[in-house]
Amino acid sequence: VYMSDLHILMQEPRDEVLGCYREEGVSAAKDLRLPEDHIAFEFAFMAHMCQKAIDALRSGDEREVRRCLAKQQEFLSNHLLAWAPDLCADVLKRAHTPFYRGVAQLTQDFLESDRSYLLELAV
């Protein structure tokens, strides 16, 4: 919705996200009835890539570690950071409870922290 000029679901950004998932052997749970580019799935994908990087680090595969970190950085930049800050800003404007405003602020802060961390690791 945030990436579409018409604010509609199931457009090119969703297809791109689905391609990223498929490249890494990941699929979104169909029984949840949410689009594959839902923020929950995108965060789950980032967690999956973190685990792959940890596994590669433990096995001494430095090349795979770098690949996983680059994939995370690319996915974060091209997908999550392309729309999630706008979602968080909308929640901060419209939420009636401190809980949801807090979740939105935490999400914004986490995304920025993750971006900075991944850039630092890339050096």
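Remark: the SER59-SER27 segment gains 9.0 nm on full extension, using 0.36 nm per residue and subtracting the alpha carbon distance. Taking each residue as 0.36 nm, the span from THR97 to ALA82 lengthens on full extension beyond its C-alpha to C-alpha distance by 2.8 nm. Taking only the C-alpha atoms of the stretch 37-81, the Rg (one decimal) and the largest Cα-Cα distance, Dmax (whole number), read 10.9, 33 Å. Length gained on full extension, GLN51 to LEU119, computed as 0.36 nm times the residue gap minus the Cα-Cα distance: 22.7 nm. As a length-normalised measure over Cα pairs under 8 Å and 6 or more apart, the relative contact order of the chain settles at 22 percent. What the phi angles of the stretch 101-110 give under the Karplus curve with 6.51, -1.76 and 1.60, with θ = phi - 60°, is a coupling list of 5, x, 4, 5, 5, 4, 5, 4, 5, 5 Hz, glycine and proline written as x. Geometric descriptor of the chain, per residue, is 124 Å³ (volume of the convex hull of the Cα atoms).
Computed from the coordinates by the stated procedures, all read-outs in this text should not be read as laboratory data. Small disclaimer: the values here were computed from a predicted structure and weren't measured.
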